[in-house]
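Contents: one structure, followed by commentary.
The values are calculated or read from the model by the stated rules, or taken from the named source; none is laboratory data. It should be emphasised that the depicted structure is a prediction, and the values quoted were computed from it without experimental measurement. Every residue, glycine among them, receives a Cβ derived from its backbone with ideal geometry; neighbour counts consider all protein chains shown. Remember, those area values only see protein heavy atoms, side chains included, never the ligands or the DNA or RNA. Shrake-Rupley method; radii C 1.70, N 1.55, O 1.52, S 1.80 Å.
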Amino acid sequence: MSDADDKYSSDEEVSEVVRRFESCEFQPTEFKHRLHLTVALSYLLASPYSVALERMRRSVRRFISHHRVDPRVYNETLTVFWMRRVLAFVEQANVSRGLAELANELLDVCGDSRLVFDYYSKERLDSDKARRLWTDSDLRPIDF
């Protein structure tokens, strides 16, 4: 992504984000929400939801382990929530467009990580249960 406009300029740039994530080249402080969304989009365009979700779970856990981050940082509810949200985007998008164009549109729509708090209280998301298992929203039903 260029610093000037925070947009992807090519499909290769998006693919490079996925490669760097999977090879644990990003530092944990670098791998923010927008990059997570980019990886999720790539996974969901390449595979059915269940396969993409499992790939994301494995990849995030491997990344956490590689960087010796406390494994309790992984949150199953957040992972599933965002994968479902990206899936909803993919299902309505014209996926014949290029990967960079799709990623940029996704980031415009879902780039604010606080969107999850429209559905979940901080207390519920921070719970041990939400970290281990998919947990239903407590503020409003998930509508996508």
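Quick notes
- Subset of the range 33-54 [over 17 Å from VAL14 (Cα atoms) and among the charged types (D, E, K, R)]: GLU54
- Of all residue pairs spaced 6 or more apart or on separate chains, those with beta-carbon atoms under 7 Å, a first member in the range 41-54 that is touching a residue at least 12 places away in the same chain (Cβ under 8 Å) and a second member that is open to solvent by 70 Å² or more (accessible area, probe 1.4 Å) and not in a helix (DSSP H, G or I) are LEU45/VAL95.
- Qualifying residue in the range 46-63 (condition: of a type outside the set (A, V, I, L, M, F, W, C) and more than 20 Å from PHE81 (Cβ to Cβ)): yes
- Residue, farthest from the chain's Cα centre (by Cα), within the range 21-31, restricted to residues that are open to solvent by 70 Å² or more (accessible area, probe 1.4 Å) and free of Cβ contacts under 8 Å to residues at least 12 places away in the same chain: GLU25
- Complete set of residues in the range 117-133 that are surrounded by 14 or more Cβ atoms within 10 Å (Cβ to Cβ) and assigned to a loop (DSSP other than H, G, I, E, B): TYR119, TYR120, SER127
- So ARG114, is it more than 21 Å from GLU25 (Cα to Cα) and either β-branched (Val, Ile, Thr) or open to solvent by 50 Å² or more (accessible area, probe 1.4 Å) (or both): yes
- Within the range 7-16, if we keep just the residues that are out of contact with any Gly (no Cβ under 7 Å at 6 or more places or on another chain) and touching a residue at least 24 places away in the same chain (Cβ under 8 Å), the residue that is most open to solvent (accessible area, probe 1.4 Å) turns out to be SER9.
- Condition check for LEU78: touching a residue at least 12 places away in the same chain (Cβ under 8 Å) and in contact with a helix residue (DSSP H, G or I) (Cβ under 6 Å, 6 or more places away or on another chain): no
- Number of the exception - ARG58 against (1) farther than 20 Å from CYS110 by Cα; (2) in contact with a helix residue (DSSP H, G or I) (Cβ under 7 Å, 6 or more places away or on another chain); (3) open to solvent by 70 Å² or more (accessible area, probe 1.4 Å): (2)
- Scanning the range 83-98 for residues that are in contact with a Leu (Cβ under 7 Å, 6 or more places away or on another chain) and in contact (Cβ under 8 Å) with a residue 24 or more places away in the chain gives MET83, VAL86, LEU87, PHE89, VAL90, VAL95.
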